[in-house]
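No value in this document is a laboratory result; all are computed from the given coordinates. Only a predicted model underlies this, so the values are computations on that prediction, with no experimental measurement involved. For neighbour counting, all protein chains shown are included, and Cβ atoms are generated from backbone atoms with ideal geometry for every residue, glycine included.
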């Protein structure tokens, strides 16, 4: 990708976190899903680690290789013109240097943002030391400066998701980590989990920067989240699960009755399908 275009998309993506309307980020898992989402009119697209892994035949949790991750992201950035941010889980490395190598490769695909977790892949339901995570985010910010691509760092806070500590201590723990990550150079923080309205409103009040919330049923709707002051909403693997659920319903109907009712619901026409990548075939 042209370096000036790359930088412009990164700057544009950063602005989306501070300007109305709230940034709604659908999560793609391959080139076709990304193309559909871009054509629908979304301003930016995120990837989903669980969806990318599933599309390649693996479970979530860094079970694909770094090379497979980078290749999947490159296929997505090739076919859309809007900003793309990549879910890189915990960074595919056990040291800061290894994570930086992952991020360099991801940004080189044309991505303009990363989503990075603070949970440990080597230990079940455990968080990285907060001091390590702060140093990692500082190093990522320095990397963005050195690459002259101001990519957006979305720092995930996994306290709620992993149910770390006693329930009454989780809010304060999450806020403490979130603010430390923002101070270290993160552009946005992501306290992931199924959170209720009161907790989200309190997080918006107590966290000193843009907040990413996980959307999708049974969570609050996008307008409701925007009213609470949320800056960004991701759907994680929800779109892929929905698509696969629909595919399962189609398959069951075909097996049980041999009819096409569900297959014909919201299907692309032949011409729409054939033209999906017409503009990118020679890119």
Revision key, fill the gap. For the chain, the longest principal axis of the Cα atoms and the Cα long axis of helix 167-184 enclose an angle in degrees, to the nearest 10, of 80 degrees
Review point. Mind ordering 202-215, 258-271 by average Cβ neighbours within 10 Å, highest first?
Key: 202-215, 258-271
Review point. So what is the 222 nm mean residue ellipticity for the chain from helices alone, if each DSSP H run of at least 4 adds -39500 (n - 2.57) and you divide by all residues, rounding to the nearest 500 deg cm²/dmol?
Key: -15000 deg cm²/dmol
Practice item. At a temperature of 25 °C and a viscosity of 0.890 mPa s, determine how fast segment 94-160 diffuses translationally according to Stokes-Einstein, using the Kirkwood radius over alpha-carbon pairs as Rh; express D in µm²/s, rounded to the nearest whole number. Key: 197 µm²/s
Exercise for review: At q = 0.18, 0.20, 0.22 Å⁻¹, work out log10 I(q)/I(0) for segment 101-224 with the Debye formula, treating every Cα as an identical point scatterer and leaving solvent out; two decimals please.
Suggested key: -0.98, -1.15, -1.30
Practice item. List the pair-distance distribution P(r) of segment 1-124, using every Cα-Cα distance, as the percent of pairs falling in each 10 Å bin from 0 up to the bin containing the longest distance, rounded to whole percents. Key: 13, 46, 33, 8, 0
Point to revise | Burial ranking of peptide ranges 176-183, 162-169 (average Cβ count within 10 Å, highest at the top) | key: 176-183, 162-169
Practice item. Would you work out the relative contact order for the chain, in percent, from Cα pairs under 8 angstrom that are 6 or more residues apart? Key: 19 percent
Study note, to complete from the structure: In a Gaussian network model of the chain with springs linking alpha carbons closer than 10 Å, the residue among 249, 130, 50 that fluctuates most is 249
**Study point:** Cα long-axis angle, helix 31-40 against the chain (0 to 90 degrees, to the nearest 10)
**Key:** 90 degrees
Review point. Between segment 1-47 and segment 125-192, what is the C-alpha centre distance in whole Å?
Key: 22 Å
Check your understanding: Roughly what would the spin-label model give for residue 74 and residue 124, points 7 Å off Cα along C-beta, in nm?
Key -> 3.6 nm
Practice item. On a 0 to 90° scale, report how tilted helix 66-79 is relative to the longest principal axis of the chain, with both axes built from alpha carbons and the result rounded to the nearest 10. Key: 60 degrees
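Rank by packing, highest mean first: peptides 91-99, 186-194, 152-160, with packing defined as the count of other Cβ atoms within 10 Å averaged across residues.
152-160, 186-194, 91-99
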Check your understanding: If one puts a single equal scatterer on every Cα of the chain and applies the Debye formula without solvent, what log₁₀ I(q)/I(0) results at q = 0.11, 0.13, 0.15, 0.16 Å⁻¹?
Key -> -0.64, -0.88, -1.17, -1.31
